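The values are calculated or read from the model by the stated rules, or taken from the named source; none is laboratory data. As the structure is a prediction and not an experimental result, all values here were calculated from the model. Here Cβ is always computed from backbone atoms with ideal geometry, including for glycine, and neighbour counts include all displayed protein chains. The area values use the complete protein model at the heavy-atom level, side chains included, leaving out ligands, DNA and RNA. Shrake-Rupley method; radii C 1.70, N 1.55, O 1.52, S 1.80 Å.
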Amino acid sequence: MFGSIIRIQGKKCSCLGPHFYKIISNILYICIYIYIIQINHIRCISAISISVFPSLVATVPPNSAVALEAAFCGGNSAKATAGINFLKNQDDSETHFRDDTLHAGQTNGELASLLCRNSSSDMNWLIDRFDLDFAVVSKLSCHARARTYRTKDSIPGMALTYALIQMVEKVAEVSDRARLVTKAEVFQLLLRDGKVVGCEYKKSGRSSKEYGPVVLCTGGFGGRSGVESVLVKHRPDLAHCPTSNCEQCSGDGLKLGAQAGARTIDLEWVHLHPTGLVNEDDPDAQRKVLAGECFRQAGGLLLNADGNRFCNESGPTEHILAEMQKNSGPFRLCLNTAATRELHWQCRTFISRKLMKCYASGTDLAKDMKIPLQKLIDVHDAHAEAFRNSLKRGNEQGPWPGTNGRTSWDECSGTRGCGKCDFRNVLVGSRVAEEPFHVAIVTPVILYCAGGIQINSHAEVVDEHGKGILGLYAAGESTGGIHGKQALSGNLLLDCLVFGRLAAKSACRYIFGEDDEFRPCPLQTFGASKNDGPA
């Protein structure tokens, strides 16, 4: 059991005051680690508990602990492939970014604006402090500008989370500033006079209590679809869908928040992704790996069972999903040599896991699909012709409606009301027969739960009356009201970063006051008490 005595050694630090949090799961290690880097003189005996989800991290103060339900760190964030959005190019602006976010999700203007406004400063901190190289930029669907960045030779989410995890683990090994507790399950918040003062968790059959403010970042509820699951309760129509979520994403944050009277929002908004990868050895597996939107933006084409294109591969997710329902599978994501070269590391990884095949030629691909080679040639020729018209007749209005108010020359997608306007790595039909292809069979999967615990602009959890619950904060997929109907591609990792940092700062401010001046944390505020328990 840890108490909550906080001491400071040496001078007052220049960051957000001394550091004292309680964490409950996945990506909040981002915000926590902020202060591991910036605070060098703080000592505190604090309690950090975590329910659900593999990924967490610790706080700076000595003897801090993070409890994880899983046996390892990582979480859904480590599997994110699309990248992360932030403002970098001079032709972009916060206004453009906010408008794109609001248009995609039809969501809360305040939180969406905050997400966009903080993107650059928070990403610059992340890149500078952890020496991450997010150098590859893409313009994904529903973006007016190219602003989604990823690493060149790794999965973006993996590069980001592992850099943070490795540094936290190193701190835990060489000092007493951090402690990771795996295979632990938080099952109860501790409340006193309407305030959250800690939590109780189980590990190896024993219960322990930890005291301090709590930050819920337990992920969503898309990982389990049993009869009594949160998913079945709010979206029974999706119970049959495979998922890209970890098993620990079961809505634990919602259950814990309910103990303190937390309000929930948008629980019906569960986002699907069209290109979950089907493993050839286990095609019916409930958990699948994603091929992010970057594969389609690099030039990947989606083909139905007959070898025809059936959608705008660069279009909104809901458009692609709707067209998949109208067509017959198996659906294939096909990348030519140029497209594969942009995503070489990812393709190589997917092949090693039997999630993707490499065909020596289009002839071999057509044979495996049991379609005439001429079908593939015609499909690529029509696609290339639409691209040529877009270049040659760019000032003319195309015959079909396109995306973002533009018009399109692509008949295949244009006749379906969402004409393709953005092309990359286009292959002409005459080269198909000899062209190597990387191909994956894909299917829609559950990606993200946009609904969850409602927070305000300080990442404070609010009650049914909209009032902040003292001592309780949340970030990441455990929250709702940020993304709405459909998250803008690249905003999910950004959500964890921005609101994770806000939650950490708010927890500090709660303990140390608005002036950020150090003051002792009295034992009676967070110390053990026989009265601690549910409200």
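Residue 182 passes all but one of (1) under 23 Å from the mean Cα position of the chain (by Cα); (2) closer than 19 Å to residue 285 by Cα; (3) of a type outside the set (D, E, K, R); which number fails?
With (1) under 23 Å from the mean Cα position of the chain (by Cα); (2) closer than 19 Å to residue 285 by Cα; (3) of a type outside the set (D, E, K, R) applied to residue 182, the lone miss is (2).
Restricting to strands (runs of 3 or more DSSP E) lying wholly in the range 139-236: which have 1 or more residues that are farther than 29 Å from residue 317 by Cβ and in contact (Cβ under 8 Å) with a residue 12 or more places away in the chain?
So the answer is 185-192, 195-203, 206-211, 214-216.
Looking at the range 353-363, is at least one residue out of contact with any Lys or Arg (no Cβ under 6 Å at 6 or more places or on another chain), surrounded by fewer than 21 Cβ atoms within 10 Å (Cβ to Cβ), part of a helix (DSSP H, G or I) and not polar (S, T, N, Q)?
No, that holds for no residue.
Of the residues that make up the range 254-273, is at least one part of a strand (DSSP E or B), of a type in the set (A, V, I, L, M), open to solvent by 40 Å² or more (accessible area, probe 1.4 Å) and under 21 Å from residue 452 (Cβ atoms)?
Checked against the condition, which is being part of a strand (DSSP E or B), of a type in the set (A, V, I, L, M), open to solvent by 40 Å² or more (accessible area, probe 1.4 Å) and under 21 Å from residue 452 (Cβ atoms), the range 254-273 yields at least one hit.
Looking at the range 293-308 only, could you name the residues that are surrounded by 16 or more Cβ atoms within 10 Å (Cβ to Cβ), in contact with a strand residue (DSSP E or B) (Cβ under 8 Å, 6 or more places away or on another chain) and part of a loop (DSSP other than H, G, I, E, B)?
Within the range 293-308, 298, 299, 300, 304 meet the criteria.
Of the numbered conditions (1) farther than 23 Å from residue 275 by Cα; (2) open to solvent by less than 10 Å² (accessible area, probe 1.4 Å), residue 494 fails exactly one; give the number of that condition.
Status for residue 494: all satisfied but (1).
Looking at the structure I just gave you, is residue 386 open to solvent by less than 60 Å² (accessible area, probe 1.4 Å), in a helix (DSSP H, G or I) and either under 14 Å from residue 431 (Cβ atoms) or in contact (Cβ under 8 Å) with a residue 40 or more places away in the chain (or both)?
no
Would you check if residue 367 is in contact (Cβ under 8 Å) with a residue 60 or more places away in the chain and not aromatic (Phe, Trp, Tyr)?
no
From the set of residues in the range 121-153 that are surrounded by 16 or more Cβ atoms within 10 Å (Cβ to Cβ) and of a type in the set (Ser, Thr, Tyr), which is nearest to residue 485 (Cα to Cα)?
It comes out as 141.
Within the range 425-476, track down each residue that is closer than 30 Å to residue 287 by Cα, β-branched (Val, Ile, Thr) and open to solvent by 30 Å² or more (accessible area, probe 1.4 Å).
Hits for the range 425-476 are 441, 443.
Looking only at the range 216-233, which residues are at pLDDT 85 or above, within 25 Å of residue 191 (Cβ to Cβ) and in contact with a helix residue (DSSP H, G or I) (Cβ under 7 Å, 6 or more places away or on another chain)?
Selection gives 216, 219, 220, 221, 230.
How about the range 371-392: which of its residues are under 14 Å from residue 414 (Cβ atoms), touching a Phe, Trp or Tyr at 6+ places or on another chain (Cβ under 9 Å) and not polar (S, T, N, Q)?
Taking the range 371-392 first, the residues under 14 Å from residue 414 (Cβ atoms) are 382-383, 385-387, 389-390.
Checking which are touching a Phe, Trp or Tyr at 6+ places or on another chain (Cβ under 9 Å) leaves us with 383, 385-387, 389-390.
Scanning the range 371-392 gives 383, 385, 386, 387.
Taking only the range 496-528 into account, find how many residues are touching a strand residue (DSSP E or B) at 6+ places or on another chain (Cβ under 8 Å), assigned to a helix (DSSP H, G or I) and either at pLDDT below 75 or not small (Gly, Ala, Ser) (or both).
6
Scan the range 313-321 and give yes if some residue there is open to solvent by 30 Å² or more (accessible area, probe 1.4 Å), β-branched (Val, Ile, Thr) and in contact with a Leu (Cβ under 8 Å, 6 or more places away or on another chain), otherwise no.
No, because not a single residue in the range 313-321 is open to solvent by 30 Å² or more (accessible area, probe 1.4 Å), β-branched (Val, Ile, Thr) and in contact with a Leu (Cβ under 8 Å, 6 or more places away or on another chain).
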